[in-house]
1. From the list Glu389, Glu377, which one is of a type in the set (Asp, Glu) and within 18 Å of Gly152 (Cα to Cα)?
2. Looking only at segment 292-304, count every residue that is in contact (Cβ under 8 Å) with a residue 40 or more places away in the chain and either surrounded by fewer than 19 Cβ atoms within 10 Å (Cβ to Cβ) or on the phi > 0 side of the Ramachandran plot (or both) and tell me the total.
3. Return yes or no: is Gly23 more than 19 Å from Leu169 (Cα to Cα) and small (Gly, Ala, Ser)?
4. Read through the list (1) in contact with a helix residue (DSSP H, G or I) (Cβ under 9 Å, 6 or more places away or on another chain); (2) within 16 Å of the ligand (Cβ to nearest atom), then give the number of the only condition that Ala243 fails.
5. Is there any pair with a first residue in segment 366-390 that is farther than 15 Å from Asn199 by Cα and in contact (Cβ under 8 Å) with a residue 60 or more places away in the chain and a second that is outside any loop (DSSP other than H, G, I, E, B) and acidic (Asp, Glu) whose Cβ atoms are under 7 Å apart and which are 6 or more apart or on different chains, and what are they?
6. Are any residues in segment 272-287 more than 11 Å from the ligand (Cβ to nearest atom) and under 14 Å from Arg95 (Cβ atoms), and if so, which ones?
7. Residues of segment 1-13 being surrounded by fewer than 24 Cβ atoms within 10 Å (Cβ to Cβ) and in contact (Cβ under 8 Å) with a residue 40 or more places away in the chain, which ones?
8. Out of curiosity, is Val27 β-branched (Val, Ile, Thr) and touching a strand residue (DSSP E or B) at 6+ places or on another chain (Cβ under 8 Å)?
Amino acid sequence: MKSGIRIAVIGGGSSYTPELISGLLDVDDLAIEQVTLVDIPEGRDKMEIIRTFCQRLIDHSNKKFILQATCNRHQALADADFVLSQFRVGGLNARARDESIPLKYGVIGQETVGAGGFASALRTIPVALELARELEELNPEAWLINFTNPSGMITEALLRYQGIRTIGLCNVPITIERTIAQALHVSPDVISVDFLGLNHLSFARHVYVQGKDITPLVLEFLKNMSQDAVKNSVANIPKETWAPYLLDAVPMIPNPYLQYYWNTDVMLRKQLADIENGKGTRAIQVMAIEAELFKQYQNPQQVTLPELLMQRGGAYYSTVAVMLMESLALNKRREMVVNVKNDQALDVLPADSVVEVPAVIDGRGARAITMEPVPLEVKGLIQQVKAYEQLTIEAAVEGHRGKALAALLTNPLVPSSEIAHKILDDILRENAAYLPQFAS
Ligand code: G6P
């Protein structure tokens, strides 16, 4: 008989999973009965290391739940109340290709934005839809919580093409919130931030402390911040300050991913320098961090999360996952920034597109809160990137080369049709094994 919540983690062999387990061990209200890690057979060995380490975390905690690992996705899906999706099609090798192909043409090479994020979306969307189809067939009442990148596009594809209840998550909004709270020496519980935009393209428009709008104070703080003090970034993005003249012109706190759009030249130079000095793209750096992390996970003396995890970009991902599951399972009403159907939240985007905004969460799900009109200063960029996302989703689903090229042309980080064409050729060729929909 069922005694509590059952969670299936798709991509359970990820080096991030221990953070999730640790988050689940910290939560008081949620009665968790079982967590099932699921991965593909090629990932079985890594998953076993993760399972063993996570079991050690459980053994050293006061909270207990059953932890298991399997390559039998079918059974795990049939059993779950929550399915957490955090897989990466093609692993880090595919990510390394996503990041290096654009750089060959002098274009930003990044995991989730620009041409790199596009390549990842083409590979991932069909697999995410297949997962949702299976879940809908086996267990239509389950919740699908999506972390799989590019999170906004994957969530939109799922909501557009599948019936399963889906909410998309990202760790960046909470990271920004917590960083502001830290800088102001206030508890994160009294802070609330109005975000608007898309995943990895969002802006904190108002920051409130106990209901008082303190945005000007935060902007002043940002303007005076020295390069060394930049903490408002996630670990995977080179740390950069925002120029005071930019914050005067667009008085909002930009998501660190905006560096790729607004400081493209600086970011490109940094990426090219990393290649030149042998550090490699972020995927290559992550491979080295992962190798060390897995060593530490295998050490029987290691009974807490390794420090090294902080060098990964996903800080606080378990915090948002746990908060969301708590609200859904216990009908605990709270406001959270999630990736959700727009409805009326942002006036400049279609109602059925997915946006990253504050939403009311309770047992019924997530409903986007209607925001003030989107400021003209960022309206065009948001609309352009949304058009790129929608073309990418359609290209991925239909295997449509024309739409794929149009998607790249629409992306603000891709400079010309000739370069878009070359990048697309490379992406389709180097990912052929993962893109049967494009085989002619
Ligand atoms: C941030 C993003 C995630 C992304 C991660 C990459 O947290 O929000 O979407 O996957 O960084 O971090 P990594 O350490 O893998 O480069």
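1. None of the other options fit; the residue is Glu389.
2. Residues in segment 292-304 being in contact (Cβ under 8 Å) with a residue 40 or more places away in the chain and either surrounded by fewer than 19 Cβ atoms within 10 Å (Cβ to Cβ) or on the phi > 0 side of the Ramachandran plot (or both): 6 in total.
3. No.
4. (2)
5. Close Cβ pairs satisfying both conditions: Met371/Asp194.
6. Answer for segment 272-287, where residues must be more than 11 Å from the ligand (Cβ to nearest atom) and under 14 Å from Arg95 (Cβ atoms): just Gly280.
7. Result: Gly4, Ile5, Arg6, Gly11.
8. no
The values are calculated or read from the model by the stated rules, or taken from the named source; none is laboratory data. Worth saying up front: this structure is predicted, and the values here are computed from it rather than measured. As a convention, Cβ positions derive from the backbone with ideal geometry for all residues, glycine included, and neighbour counts pool all protein chains shown.
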